[in-house]
Each structure stands twice: as structure tokens, then as C-alpha cells.
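J.: Below you will find the structure I want to go over with you.
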Amino acid sequence: LIVPALTILRVALDVPLRRVFDYLPPLTDGTVSIGARVKVPFGSRQLVGWIVGLADHSTVSPSKLRRATELLDSNSVLDAGTLALVEWTASYYHHPIGEVLAAAVPRALRTGSILNTYEQRWRITPTGRDALKKGLVNRAPKQQALLQLLLTHNYLTATALQQFHEKWQPLARALTKKKWLEKITHAVIETQSTVTSPPLGSSEPVLTQEQRHAVEEICKTLQQFKPVVLHGVTGSGKTEVYMQVAKHVVANDQSVLILVPEISLTPQLVARFAERFGVAPTVMHSALTDRERLRAWQHADRGQAKIVLGTRSAVFCSMPKLGMIIVDEEHDASLKQHEGGFRYSARDIAVRRAQQTGIPIVLGSATPSLETLYNINTQRYHCLTLSRRSDQAPAPRLQLIDLKNEHQFQGISHSVVQAITRHLQQRGQVLIFLNRRGYAPTLLCTACSWLADCPSCDAKYTVHQSAEKLRCHHCGNETSLPETCPQCGYAVKPVGRGTERVSETLRTLFPDVPLVRMDRDAVTNRRELESALNEVKTGNARILLGTQMIAKGHDFPDVTLVVILNADQGLFSTDFRAAERLAQTVIQVAGRAGRASRSGEVLLQTEYPEHPLLKNLLTEGYSGFAASALQERAQAAWPPYSHLVALRCSASQAKHALDFLNTAKELANAPKNIQLRGPVPAAMAKRADKYHAQLLLESTQRRSLHQFIDDWLTKVDTIPQIRQLSWVLDVDPAELF
Ligand code: ADP
Ligand code: ZN
Ligand code: ZN
């Protein structure tokens, strides 16, 4: 469509303002498309923005309305679905659409920067047109012919110009100098070989009855919105189901988007899809370079990527032929972006995307979130269960070890030492889980009770023994490990234990047993990860010790004993989600034990064996736990029985943050069905030299909560101090503090 000069472009810019900006289209001819990029003046800068709408008038006065500099694309760079999704997201999270787009698309597209996938194009300028009309070029017939040619084309590339005249370059230079011709950079589509349908039947196992039922149910209605929860214990064959349903979608010439919490930790998953489909899935995650990201995006955008496997932000990936979405480990906290200014749940947006597109979505987990279970109970989601492991291994036996009544050596109880010994003798592998890295969480003076505090946070330094450092896990501060107390000169001692210290203890207890430690200190890159996993897989390592890193996604078929060293951190937290997270971790870690013929054993050390949560989990498993946890949530009116939004603020002085939130509260004038709680300082008020506080909004009526916030934020925007403070609105917060 050729747009008349009066048309107004509605442009989304990556600036922290919840609005779009009106511009006049550039003077040059060109096709204006929604979803295309445009370069515009903004203040004294030139920014790359996105055309998100067209209008025939603007509320900006004509004298102030500025003109866009240049259209960067003649077609939309986003599929219509992605743009609609971004618009929904901006409105649901009350966040500037330009910033949502910035998070959604590869940086290389956002900045309009020059990559190989861009080409140079020449086009005539408005003054060039004038000059041609007025006959100013008549004395230079070759230049005239070139301009004449460009008059009938939007642009020409170097190759096209070469065909027109072999010595076109000096002509173009002369014309550019007179500003009658200009050169632009344009994103082009890189051609890549198209992926054909997968080689069918490549080593597919015979499905169990439950798997077959799941595949049939999911594939029964492929072209309509249908949220399905695939609830299956680890090893029950969920991934196999994903692959089989994906095959059906691909056979329809559509593509599948698979979201996972962390790709770097799951090379196995990528490999399995690659093997089954005969071609590697298109992978999208934050460790890609800008260029790789752009290429993956374009691959998906052209419909060439049949399977896109990505983390959070891949939920926005442009996929015109999207036929199904799969969210693996849907309960996982990593699917929620809970840092920075734009906080969103990739799972929730994925459900919305499936609904907008009218396609099925599969939410897979061994431990579905309480929100998802609630949606099953209220019949919004359909639940399919894989109750047994595909290898028929019996569920592992879970047992509590009472730390108060047991003799222990450096935090490892006598029964655990015995169990490890027994399993090692029977040629089993042992997995030991402790969700705390470093040597010890505290360094203490034995004489004056000095503690090594981080100066920037309300937190203790963690001891890192082999690195000889004290490190703060909250802000990244680091200092050398003192040998004596800096206050009184007496001896210092590490208190408590992290994985580094436990590995030392295990080496003392089992000196000849090869051990692999997996945490963010011991495994810092992909190569180290693969080599650690390989040590376990080949059986060279007999003991595997680690943090969350070992709780996710990996298959350890020869592990027969799982030990959870300390689960007590989750028992008494003030965060209403802590119990759920603890139960999920226990079940996820326990799921690593025992395969095939070997049944597994799981030992959980605790100081509180009487705690109802632990007893419940032990006797009734995750579903029993979840049912009673949901009842508690209902009684306390916590999510999913209510909806939360947190307004958070940080400032260099606690007072400033609290003042801002108090002013925001005063401005609220909220209807009765919305409660405002706080403001309160964060549990760890000081963090990275800033003081954090939050105001919590709560309502059982989601719609009215969101309507209220729209209104309220325009008032909050007028608080004078707002420019000096850093604040963020967290819709459906994953963590409270
Ligand atoms: P999950 O994703 O639920 O952890 P997987 O799909 O990874 O489960 O399956 C666990 C293991 O069982 C894998 O090694 C897989 O190849 C195998 N498997 C899955 N389904 C079957 C089946 N129907 N028959 C035989 N082996 C299967
Ligand atoms: Zn001291
Ligand atoms: Zn710190």
C-alpha cells in the first residue's frame, strides 16, 4: 500500500515511556508497513523504532510533529501474531511497548545495525526528483538516465545498477554529492536451505499406553486453542510425547515452539530432537551472539525452522506458521523474568499466544505449579498424566533423616554415610544435592564474634576457599579471604557449608571414590558442563555433588541413591511460594534416582522431620502436597486465588524509596476490591548499595486490578522524584520480599 503523505506513523521506541510516538512518514517514497522498522529523530538522537500503527490524524500539533528519517524495511519484520502478542504483553504488564519489543527481538534488528544480512540500496531523494523535473540534470545524460531509472523503482541494489551501467559508481558518487541520490541499508532475507519433513520413524520407541493416549489427545484438534498439561514424573517419557506431537505438526507444514527454562543445561534435549528430526532445532537463548540470534530469528520468521527451542524471550519469536507451543518444566522459576525493568512470565505469555493463534499448547512438568493445577481443577486446562516411568522402574523410596537425633560428620549424618557406602559397593552412583555453592555461607571470628558482612548488602559474605576469596552472592562484591580477624586479630572460622566444603568432606570420607562437583563455580561453561556430565554418564564418577544445576533436565540412569543434604531453608520462609518451590525441588531431585532394574532410594536430611509439609510430601507425594498447599492458598487468599502486582522501588536512601511508595499509595484511591499492602522494606533491604522496598497490590478481580493500575500509573508518573528513583512494576511477582 502506498500511503498518502498525510498518514501518521505510530512508532514504538525503546524508551521508558508507556506510549507510542507519532511521526510523519519520510519524504521518500516507499511502502509503509505495520511491523516494519523506521529511523526517527527523538530529541537530539536518531532512534530505530517500529511502526505499530497508522493513523490519519495526530493529537500532536502540526508544528511539533516531526518527520521520520528513513524507512528501514518495506515489509513487516514481525509476523502479525508476534506484533499482537507484543501489544497484549505491553498492556498486561503495563510496560512501554518499545521496551517490550526491545526484549522480544534480536538486538541486531533493534539497532538496525549492519550485518551481512543487510544490503546497500540506492534511491532518488526528493531534491533529486525536483532537479530532474526542473531539468537541472539535462547536461549530464548518464546521470539523468540513472535518476530517471530510479524514479520508476523504489530502489536499486549494486547488482541492478551494475546491469544498468558498468561504470555506475562514479555516477552514483556524483549524484550523492549533490544530494540527489542516497544510499540506504536494508535488511534482506538470507536464503538458507529449507528443512523438509523429518525422516519418519527414525528409531522411535513403541509408546506406552499412556503416552499413546497423550499423543492422540493432543493431536485430535490441532488447529484450535487447547491448553494441555502433561503431568509426568521424570523419566515417564514426556519428551518422547513432545517429539511425537511435534512430528504431526511438522507434517502439516507448520512449526513448533518449545520453551525450556535453560538451554545451556540441557544439551541432551537439543541432541534428541536433532537425532529424531534429522536436523538440529533452531536454538534461541541469551548466550547466542547478536548475529546468531538474528539468524535464528530470520530462520524462524521465514518458516524454515520447523522446531524452535528456546528460553524465555523465544516466546516472542516470529513464526508465521506456528502450529503448537510446548512449555517444558512449566513450573520452573526461570521461565519468569524477574530482574530488570520488564518482568514477564514466558509461560503465561505462551498460553496467551496459543490462544491468539488458535493452536494447542502443552505444559509439561513432573511438578506442575499450583497455578497450573488450579487451572486444571477449574477445567481451564486439560490434564494428561504419565504415571509411570517408561522403563517401569518403581518410584524411588523417600525417607527423612532426623538431623537432631543423629550423629553427624560435617553435616553428613551417620545413616547417609552408611547408605552412600552401601550404594557404592553395589556399583550404584550417588547424587548429593545442596542448594548452596561456595565453601561456607559465613566467616566468623572465634573471639570477638566479628562476621564478614558485605558492605553493600544486608548479607554475609560467602567463603570461597580454593579461590581464597569472600564473595557476596547478591551483588558480586569480592574481597580476599582474611587469615585472621580484621577487628581483633584472632582466628576466623567458616561456619555452615556449601558444595565446595561438602566435596572436601566427601573426599575425606570416601578418599578413593571419584567425585564430580557441579555448581556455578566448578562448571563455568558449556565445555566444562559436558565434560562433567560425561564423567557421570560413562560411570567414571561415582559421586555427583551439586546445586540446582543437577536437579534439572539431566538423565543419570545409574544413580541409585539421592541425598538432599538440607531442605530446611524452604520451610520457614516468609515467601508464600517457598513451600511449593521446596516440594518441587525435592521431587525433581528425587526423580534422578533409580532407573530400569535398579530401584532408587532418596534420603532427605532435616532438623524438622515433624514439619507438616515434609510429612505430607513423604506420605502423599507431590499431588497430595499440592492439594493441601492449594487449600492453604485459598484460605490466605494468595495466588492463584488472588492476583498480585508489586510496585518496587530502590534508592540510595531507604527513606526515598519508602516516600515514593507512600506517595504512590496516597495517589491510589483504589476501589474496595483492591487492597494495597505496605510499603515495606525488602527482607534484605540493602542490596548492591541500594535500599529496596515494595508496595503490594492484591485483588481477586484481575480485570479490575489491571484497569485500576492503568489509571494509577499515569498519576504515579507525575510524582516529581520519579526520575531520580529506580522503580519497577512486577505483575504476578514470582517472589515477594
Ligand atoms: P521425561 O521427559 O519425562 O523425563 P523422556 O522422554 O526423557 O522422559 O524418557 C525417559 C527415557 O525413557 C529416555 O531415555 C527415553 O528414550 C525413554 N523412553 C521414553 N518413552 C519410551 C518408550 N515408550 N519406550 C521405551 N523407552 C522410552
Ligand atoms: Zn575478632
Ligand atoms: Zn553484596
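Where a number appears in this text, it was derived from the coordinates with a stated rule and is not lab data. In this text, all values refer to a predicted model and were calculated from it rather than measured experimentally. Positions of Cβ are backbone-derived with ideal geometry, glycine not excepted, and every protein chain shown enters the neighbour counts.
J.: Over the range 502-613, consider all pairs of different Cα atoms and compute the Kirkwood hydrodynamic radius from their mean reciprocal separation; express it in Å, one decimal.
T.: 15.3 Å
J.: Evaluate the distance, in nm, between pseudo-label points positioned 7 Å from the Cα of Arg19 and of Gln224 along their respective Cα→Cβ axes.
T.: According to this spin-label approximation, the distance is 4.3 nm.
J.: Pulled fully out, how much extra length does the chain show between Arg45 and Lys177, if you take 0.36 nm times their separation in residues and subtract their Cα-Cα distance?
T.: Result: 45.1 nm gained on full extension.
J.: Based on other C-beta atoms within 10 Å, arrange Cys475, Cys454 from fewest to most.
T.: In order of increasing Cβ crowding within 10 Å: Cys475, Cys454.
J.: Next question, about the same structure. Let me know the shape class of the range 43-89, please: from the alpha-carbon gyration tensor, a ≥ b ≥ c as square roots of the eigenvalues, rounded when a/c is under 1.5, otherwise prolate if a/b is greater than b/c, or oblate. Show your work: numbers first, answer last.
T.: Working: a/c = 2.10, a/b = 1.55, b/c = 1.36.
It comes out prolate by the Cα gyration axes.
J.: Would you work out which of Leu386, Phe510, Leu617 lies farthest towards the positive end of the dipole of the chain, given +1 charges on the beta-carbon of Lys and Arg and -1 on that of Asp and Glu, about the Cα centre?
T.: Checking the options against the dipole of the chain, the answer is Leu386.
J.: Next up: Lys and Arg at +1, Asp and Glu at -1: add these up for the other residues within a Cβ distance under 13 Å of Val260 and post the number.
T.: Summing Lys/Arg as +1 and Asp/Glu as -1 gives 0.
J.: I'd like to know which of Leu27, Ile97, Leu17 lies farthest towards the positive end of the charge dipole of the range 1-100, counting +1 on Cβ of Lys and Arg and -1 on Cβ of Asp and Glu.
T.: Leu17
J.: For Leu713 and Glu217, FRET efficiency with R0 = 56 Å and r from the beta-carbon atoms, rounded to 0.05?
T.: With a Förster radius of 56 Å, E is 0.85.
J.: Calculated FRET efficiency, Arg139 and Thr111, Cβ-Cβ r, R0 60 Å, to nearest 0.05?
T.: The computed FRET efficiency comes out at 0.90.
J.: Right, another one. Take every DSSP beta bridge with both residues inside the chain and express the antiparallel ones as a percent of the total, to the nearest 5.
T.: 55 percent
J.: Spit out the partnerless Cys residues in the chain, using Cβ distances under 4.7 Å as the pairing rule.
T.: That list is Cys219, Cys317, Cys383, Cys475, Cys649.
J.: How big is the gap, in Å, between the Cα center of the range 340-382 and the Cα center of the range 624-650?
T.: With the range 340-382 and the range 624-650 each reduced to a Cα centre, they are spaced 17 Å.
J.: Still on this structure, please answer the following. Over all directions, what mean area does the Cα convex hull of the range 318-357 project, stated in square nanometres? It would help to have the intermediate numbers written out before the result.
T.: Details: hull surface 13.4 nm².
About 3.3 nm², averaged over all directions.
J.: Taking the Cβ of Arg293 as the center, what net charge do the other residues with Cβ under 13 Å away carry, scoring Lys and Arg +1 and Asp and Glu -1?
T.: +1
J.: How many angstrom lie between the C-alpha centres of the range 677-698 and the range 19-62?
T.: The range 677-698 and the range 19-62 have Cα centres separated by 39 Å.
J.: In the range 388-485, what GluC sites (Glu not before Pro) fall in a loop by DSSP, with at most 15 other Cβ atoms inside 10 Å?
T.: Values: sites: Glu406, Glu468, Glu478, Glu483; in loops: Glu406, Glu468, Glu483.
Answer in residue order: Glu406, Glu468, Glu483.
J.: Which entries of Lys493/Lys537; Lys552/Lys686; Lys39/Lys177; Lys336/Lys665 show an alpha-carbon separation above 28 angstrom in the structure shown? Show your work: numbers first, answer last.
T.: Values: Lys493/Lys537 37 Å; Lys552/Lys686 31 Å; Lys39/Lys177 22 Å; Lys336/Lys665 26 Å.
Long pairs (Cα-Cα over 28 Å): Lys493/Lys537; Lys552/Lys686.
J.: May I pose another question? Quick one, can you get me the convex hull of the C-alpha atoms of the range 1-151 expressed as volume per residue in Å³?
T.: 140 Å³
J.: Would you list, by chain and number, the aspartates and glutamates whose Cα falls below 13 Å from the Cα of Lys142, excluding same-chain residues fewer than 8 positions away?
T.: The qualifying aspartates and glutamates are Glu166.
J.: Another question, if that's okay. Which net charge results for the neighbourhood of Leu85, defined as the other residues with beta-carbon distances under 9 angstrom from its beta-carbon, given Lys and Arg at +1 and Asp and Glu at -1? Write down the numbers at each step before the final one.
T.: On the way: positive: Arg352, Arg353; negative: Glu87.
Here the charged neighbours net out to +1.
J.: How about the range 438-535: which chymotrypsin sites (Phe, Trp or Tyr not before Pro) there lie in a loop by DSSP and see at most 14 other Cβ atoms within 10 Å?
T.: For chymotrypsin sites (Phe, Trp or Tyr not before Pro) across the range 438-535 that sit outside H, G, I, E and B with at most 14 neighbouring Cβ atoms in 10 Å, the list reads Tyr490.
J.: Across the Cα atoms of the range 401-440, what radius of gyration and what greatest pairwise Cα-Cα distance (Dmax) are found, in Å?
T.: Gyration radius and largest Cα-Cα distance of the range 401-440: 11.8, 32 Å.
J.: Let me ask something additional. Which order do Met518, Met243, Met684 fall in if you start with the one that has the fewest other Cβ atoms within 10 Å? Walk me through the numbers before you get to the answer.
T.: Numbers: Met518 26, Met243 22, Met684 12.
Exposure proxy ranking, most exposed first: Met684, Met243, Met518.
J.: Taking the Cα centre as origin and putting +1 on Lys and Arg beta-carbons and -1 on Asp and Glu beta-carbons, what dipole magnitude results for the chain, to the nearest 20 debye?
T.: Dipole size: approximately 2400 debye.
J.: Where nothing but the Cβ of Lys and Arg (+1) and of Asp and Glu (-1) is charged, how large is the charge dipole of the range 515-586 around its Cα centre, in debye to the nearest 20?
T.: Charge dipole, the range 515-586, about its Cα centre: 120 debye, nearest 20.
J.: Right, another one. Classify the range 241-377: rounded, prolate or oblate, from the alpha-carbon gyration tensor (a ≥ b ≥ c, eigenvalue square roots; a/c under 1.5 rounded; otherwise prolate if a/b is larger than b/c)? Could the numbers behind the result be given before it?
T.: On the way: a/c = 1.43, a/b = 1.18, b/c = 1.21.
Verdict is rounded for the range 241-377.
J.: For Lys537, Lys134, which order do you get if you count the other beta carbons within 10 Å of each Cβ and list the fewest first?
T.: Sorted ascending by nearby Cβ count, the order is Lys134, Lys537.
J.: Additional query: Over the residues of the range 375-533, compute the C-alpha Rg and express it relative to 2.2 N^0.38 Å.
T.: Working: Rg = 20.7 Å, N = 159, 2.2 N^0.38 = 15.1 Å.
That ratio works out to 1.37.
J.: Is the shape of the range 373-422 rounded, prolate or oblate, going by the alpha carbon gyration tensor and its root eigenvalues a ≥ b ≥ c, with a/c under 1.5 for rounded and a/b larger than b/c for prolate?
T.: Note, shape of the range 373-422 comes out oblate.
J.: Over the range 492-564, what number does the Rg to Rh ratio reach, with both radii from the alpha-carbon atoms and Rh per Kirkwood?
T.: Numbers: Rg = 12.6 Å, Rh = 13.1 Å.
Result for the range 492-564 is an Rg/Rh of 0.96.
J.: Suppose each label sits 7 Å from its Cα in the direction of the beta carbon; what would the Asp290-Leu149 distance come out to in nanometres?
T.: Computed distance between label sites Asp290 and Leu149 equals 3.3 nm.
J.: So for the range 586-737, Kirkwood radius off the Cα pairs, Stokes-Einstein at 10 °C and 1.306 mPa s: how many µm² s⁻¹?
T.: 86 µm²/s
J.: Which whole-angstrom value gives the distance between the alpha carbon centres of the range 469-505 and the range 148-163?
T.: 68 Å
J.: With no solvent and one point on each alpha carbon, what is the Debye value of log10 I(q)/I(0) for the chain at q = 0.06, 0.08, 0.09 Å⁻¹?
T.: -0.45, -0.77, -0.95
J.: Scaled to the compact-protein estimate 2.2 N^0.38 Å, what is the alpha-carbon radius of gyration of the range 411-502, rounded to two decimal places?
T.: Working: Rg = 16.3 Å, N = 92, 2.2 N^0.38 = 12.3 Å.
Rounded to two decimals, the normalised Rg is 1.33.
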